[in-house]
Amino acid sequence: MTDSQQFRADGHAAIDWAADYLEGVRDLPVMSTVAPGDIRAQLPAAPPEQAEPFADVLADLDRVLLPGFTHWNHPRFFAYFSITGSQPGILAELLTATLNLNGMLWRTSPAVTELEQLTLSWMCQLLGFPETWHGHIEDSASTSTLAALCAARTALPDRRVVVASEHAHSSIDRACRILGLDLRHAPVDDAFRMRLDGLDLSDACAVVAAVGTTSTTSVDPVPEIADAAAASGAWLHIDAAYSGSARVCPELRTPGFERADSVVVNPHKWLFTPIDCSCLFTSRPEDLRAAFALTPEYLRTSAEGVLNLNEYGPSLGRRFRALKLWAVLRCYGRSGLQSLIREHVRLAELFEGWVREEPGWELCAPRPYSVVCFRPEGGDARSEALLEAVNATGEAYLSHTRLNDRHVLRLAIGNAATTEDDVRVAWQVLRREAARLGAGAPAGV
Ligand code: PLP
């Protein structure tokens, strides 16, 4: 066999593996139950001296690694924010690796930069953002927010404070730590939204408004925060990492985005794009360039008037991530994306109704999107035990948060393959395991 023939044979086997996986993942336990070290212990500690066939790698994927996977692409993965590695996204990732392009400069692969610009312009149109905005792709919301706050710090070097609600994601804390900025947490109201009374931005270089917080998906009052930011001159960054994708449905849009200096939206959360893909939009691209642009001699090119995207964020090398997002936008279309997101919101509403009507259970937060926060009666210990029990069944996988110092379960819907039956199974498992644990509340809140 020639190299190319071998590649085709291995490639067909890998695609078959992927198709079988997607077809069969519903029947696998969602959460891995291996013990720490189990997987590593089954693999050789030293690298092979001689080349091994790719088929052996594929075989070990099944034999050794599979039991160690918690399946994020499982339709009953309801933890954190449920995500989807969709078929167009998967295939585009294969092509991205095949091409192995680095879009650090326009010159190093003009189509990478131009497709990224086009795709982000499509995103502005789909999500209702001003089309004049600059947008580019980072690996994660953590990096996007770091870049935005770095631009804010550069624009207002005498101010060293960032303000965000106490429910803001920890990526804001981390960005502040990296940038040497002080994070001041603003308190939240009883719906977990940033409170405006006492909001003081006079010493802040930036304020972060969360639209879709991690715990409850609560929505900070962006128009009022934008007023306060405008009055003080602070940069307004909106963290819509999860919920931003829902703006593809006009009825799920919340006001004030057009007043932001920057916005982060993660298509790898709720837009069916395989991890990693985070879109950073800004109305102030020159401030991002001021924070990041450097051109060592070896990166100078004769191309003039072109966009070199490495000048807008921390990393120089840039993967061709736009291909998968473009493929997803094309292969679903606006209406396909809308149907899935509306269905996820409908399923969350359905589940919320079941919890509301079931004696012995309570809802713990309002539900703006597709995440339901709830718990069984009986205190923290029972809620914690229930989470462990449900996840151990492998039939569904949920995560938790703390609200008002109480342990709360979260059911997040966001996988493209999730059906009403999957949500029903999760509810059955929750009630069955709760009954098995008994009503007795171990000491708790
Ligand atoms: N912002 C919000 C609201 C999040 O929920 C998350 C992660 O769940 C992040 C930011 C960080 O995202 P990433 O993992 O892409 O850095």
### Message
I'd like to verify something in the chain: which complete DSSP H helices, judged by Cα projection on the helix axis, reach 30 Å or more and average at least -1.0 on the Kyte-Doolittle scale?
### Response
3-24, 322-357
### Task
Give, rounded to the nearest 20 debye, the magnitude of the charge dipole that the chain has about its Cα centre when Lys and Arg contribute +1 at Cβ and Asp and Glu contribute -1 at Cβ.
360
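Just check the stretch 1-41 against the gyration tensor rule for me: Cα atoms, a ≥ b ≥ c as the square roots of the eigenvalues, rounded for a/c under 1.5, and otherwise prolate or oblate depending on whether a/b exceeds b/c.
Working: a/c = 7.12, a/b = 1.73, b/c = 4.11.
In terms of gyration-tensor shape, oblate.
So what's the net charge close to Ser121: Lys and Arg +1, Asp and Glu -1, counting the other residues with Cβ under 11 Å from its Cβ? Please report the intermediate quantities before stating the final value.
On the way: positive: none; negative: Glu114, Glu116, Glu131.
Summing Lys and Arg as +1 and Asp and Glu as -1 gives -3.
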#### Entry: Selection from Pro44, Ala322, Pro67 lying farthest towards where the dipole of the chain points positive, charges on Cβ
Ala322
### Residue order, fewest to most surrounding Cβ atoms within 10 angstrom, among Ile39, Ile178, Ile341, Ile137
Ile178, Ile39, Ile341, Ile137
### Query
Which ³J(HN,Hα) values in Hz, rounded to whole numbers, follow from the phi angles of the stretch 185-194 under the Karplus curve 6.51 cos²θ - 1.76 cosθ + 1.60, where θ = phi - 60° and Gly and Pro get x?
8, 8, x, 10, 8, 6, 10, 6, 9, 4
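If you rank Ser32, Ser243 by fewest surrounding Cβ atoms within 10 Å, what's the result?
On the way: Ser32 17, Ser243 28.
Going from sparsest to densest Cβ surroundings: Ser32, Ser243.
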### Query
Quick one: Cα centre-to-centre distance for the stretch 71-111 and the stretch 182-246, in angstrom?
30
### Query
Could you give the distance between the Cα centres of the stretch 9-43 and the stretch 303-360, to the whole Å?
25
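Over the chain, what is the relative contact order in whole percent, taking alpha-carbon pairs under 8 Å and six or more residues apart? Could the numbers behind the result be given before it?
Working: 815 pairs, mean separation 91.9, N = 445.
Over the chain, the number comes to 21 percent.
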## Note on the structure
Taking R0 as 30 Å and r as the Cβ-Cβ distance between Glu420 and Leu99, the FRET efficiency 1/(1 + (r/R0)^6), rounded to the nearest 0.05, comes to 0.15
### Task
List the residues whose amide H sits under 5 Å from the amide H of Val188, counting only those 5 or more places along or on another chain, with H placed 1.01 Å from N in the peptide plane.
Glu166, Arg195
### Query
Quick one: Ser202, Ser171, Ser245, fewest Cβ neighbours within 10 Å first, how do they rank?
Ser202, Ser171, Ser245
### Task
Would you mind calculating the relative contact order of the stretch 120-212 from Cα pairs under 8 angstrom and at least 6 residues apart, reporting the percent as a whole number?
30
#### Entry: For Thr84, residues with placed amide H under 5 Å, excluding near neighbours
Phe272, Thr273
### Task
In debye, nearest 20, what is the charge dipole magnitude of the stretch 102-319 about its Cα centre with +1 on Lys and Arg Cβ and -1 on Asp and Glu Cβ, if you could check?
460
### Task
Note down the net charge around His169, summing +1 for each Lys or Arg and -1 for each Asp or Glu among other residues with Cβ under 13 Å from its Cβ.
-2
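Run lengths n ≥ 4 of DSSP H only: what is the helix-derived mean residue ellipticity at 222 nm for the chain, with -39500 (n - 2.57) per run over all residues, to the nearest 500? Write down the numbers at each step before the final one.
Working: 13 runs with 181 residues, N = 445.
Result for the chain: -13000 deg cm²/dmol, rounded to the nearest 500.
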### Task
Nearest 5 is fine: what % of DSSP beta bridges in the stretch 102-319 come out antiparallel, could you say?
40
### Query
For the charge dipole of the chain, defined by +1 on Lys and Arg C-beta atoms and -1 on Asp and Glu C-beta atoms about the Cα centroid, which residue among Phe374, Phe129, Cys150 has the Cα displaced farthest towards the positive pole?
Phe129
## Note on the structure
Dividing the mean separation of Cα pairs under 8 Å (6+ apart) by the residue count of the stretch 136-183 yields a relative contact order in percent of 42
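Can you give the convex hull volume of the alpha carbon atoms of the chain per residue, in Å³? Present the calculation step by step, with values, prior to reporting the outcome.
Working: hull volume 77.4 nm³, N = 445.
Convex hull of Cα atoms, per residue: 174 Å³.
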### Task
Could you pull out every residue, at least 5 positions away or on a different chain, whose amide H is within less than 5 Å of the one on Trp361? Hs are placed 1.01 Å off N in the peptide plane, and Pro or chain starts have none.
Glu377
### Query
Hey, in the chain, which Cys have no second cysteine's beta-carbon closer than 4.7 Å?
Cys124, Cys150, Cys176, Cys205, Cys249, Cys277, Cys279, Cys331
## Note on the structure
Within the under-13-Å Cβ sphere about Leu95, not counting Leu95, Lys/Arg +1 and Asp/Glu -1 give a net charge of +2
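Here, each number is a calculation from the coordinates, and none is a lab measurement. Small disclaimer: the values here were computed from a predicted structure and weren't measured. No Cβ is skipped: glycine too gets one built from the backbone with ideal geometry, and neighbour counts run over all protein chains shown.
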